[in-house]
1. Give me the percent of Cα-Cα pairs in the range 97-199 that sit more than 17 Å apart, rounded to a whole number.
2. Out of the DSSP beta bridges found with both residues in the chain, what percent are antiparallel (nearest 5)?
3. What's the longest piece of the chain with no exposed GluC sites (Glu not before Pro), counting a site as exposed if DSSP puts it in a loop and it has at most 11 other beta carbons within 10 Å?
4. Report the full-extension gain for the segment Ser108 to Asp232: residue separation times 0.36 nm, less the Cα-Cα distance, to one decimal in nm.
5. For the range 147-212, state the average projected area of the convex hull of the C-alpha atoms over all orientations, rounded to one decimal in nm².
6. So what is the diffusion coefficient of the range 464-548 in µm² per second by Stokes-Einstein at 4 °C and 1.567 mPa s, using a Kirkwood Rh over Cα pairs?
7. Can you find, among Trp134, Tyr154, His320, the residue sitting farthest towards the positive end of the charge dipole of the chain, where Lys and Arg contribute +1 and Asp and Glu -1 at Cβ?
8. If each residue of separation counts as 0.36 nm, what is the full-extension length gain between Val419 and Glu204 once their alpha-carbon separation is subtracted?
Amino acid sequence: MIYQVYPRSFADSDGDGLGDLQGVIDHLDHLVDLGVGTIWLSPFFASPQEDYGYDISDYCDVAPEYGTLETAQALIDAAHDRGLKVMFDLVINHTSDQHPWFARSRASRSNPKSDWYIWRDGRGRGGRRPPNNWRSAMEVKSAWQWSADRQQWYLATFLPFQPDLNLRNPEVKEAVFEAVRFWLRRGVDGFRLDIFGYVMKDPEFRDNPFGPVVDGSQTRIWQRTFTENTDDSIAFAKELRAVVDEFADQGGGDRVLLGEVFGTPETLRRYLGDGDGLQLVFLFDFLAYTYSAEFFRDRIAAYEREFPPPLQPTYVLENHDRSRLIDRVGGDEARARTLAVLLCTLRGVPTIYQGQEIAMANTPMRLREARDPIARSFFSWVPEAVVQRVPERLNRDEVRTPMQWNSEPNAGFTSPVAVAWLPVHPGYRDRNVAVQDGVEGSMLELYRLLLRIRSERPSLHRGSLRLRPVDPSNPEVLTYERIDHLTGAGAGSPEVTMITVNFASSAAWIEPGGRVELLVATDPSVVVTGGRLHLPPCSAVVVAVMERTSTWP
């Protein structure tokens, strides 16, 4: 299990209203109690914080508001002392425009770093039109930005102050690889690779074709044929893998690369290569789901087909960019519980975002007051009445608000008298770690139970997965088994764990095909009797199959 920490909002140790690395250290025991195996920290490197760390000005230093290099080392060591792995966020598609590399590159067309970023002459009279039709990631504006200093355009795939590195330049590539080695030498166990699918664009700068396309969980107006998921990006993944493999035998086992890439299952699979690419890629389909058995059955089948063992699917229900799960299910905690069961029992590596374990909700904010640069740059013109009707939040601030630790002022995130950098959710007194701790049936205790069962049962943490065929009498019921042939009562008797989710608004009776023992139920009215399971609406169960009396087709 990977747990994402957004340091600015996790815990503030010095009362300045901003989360910091010492705050993370102070709360590591919560993650151990939860059952987490790896923590992933969003960027805390030196940065002007225009995009809150995703605009890096020095890969090998820490922003002073978060701490120092010594604090970062203390965090790595404290996590390792507790048996936790540590994964840092690595942004190598672009830097801040305040990075010394870019300042030098922008200064002239002839200095030693002049081609460390992607520069092009423009089209039309005086070259004042962008070099081609490439759009920014939000598709609203051109990805090209004019520089009066060089009288040229530079590529900024995301925001104007985030110029794209020219990773075709061997010097740039080696500088990035040295930054990777810097943190690996300090004991980091791996990296989450921010928007990795964009790292290598078309060297001929050909126009992208126009045409709406649904690509995995994304719907786009322009096809990104020449800017995303290129063959050269796949090749770069293998080069980066070779760098981290240099450290495989230096304690801590293999170092892991987890890519943020978007596309179809077939596209995502390419990044793993033949065991020589990234080890993991995020599967974002669950961030844009339909609450139905058919949706999840189809997605699970697709990823089981494209990511067979020993490959590991990496499912996601929340992150720092998308609406909170409890809001996406309309506040229905029963539905959120069923999806938690799916996440924690599917084959692969589950990932959760801070606060997901207590069902933290979006914190509504006025768009015109957004700190989020994407909201300010692209959506500031949207009327507030329209914003409130958009199911996918346009302001990422709403999902990045302070972690809710207790019922004290500021939710225990910072000093009771401090002003938190973003407002604490107004309902924090009723939804926080302390109020759910030890309470049977709370979301926190459900996650703890699921992760404990996952750790204890080999079938859940290493077993294969088998989907049960659709039952015509219960089409909104999804059932699958996790099977481990290395454990069990004896030869030919593997350990089997069965998971059943009822997505329907009505109850269902299920024939499990044998004698079962209840391990987890999201609803207290679940009944196991006479070799049958009774599932209330929007509920899920995890059972141990003790004896098989019949088999599935």
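Laboratory data are not the source of any read-out in this text; all were calculated from the coordinates shown. Just so we're clear, the structure is a prediction, and the values are computed from it rather than from any experiment. Neighbour counts run over all protein chains shown; Cβ positions are idealised from the backbone, glycine included.
1. Result: 57 percent of Cα pairs exceed 17 Å.
2. Percent antiparallel among DSSP bridges in the chain is about 65.
3. Formally, the longest exposed-site-free interval is 1-203.
4. Gain in length upon complete extension: 41.9 nm.
5. Result: a mean projected hull area of 7.0 nm².
6. D, rounded to a whole number, is 99 µm²/s.
7. Towards the positive end, the residue furthest out is Trp134.
8. 72.4 nm
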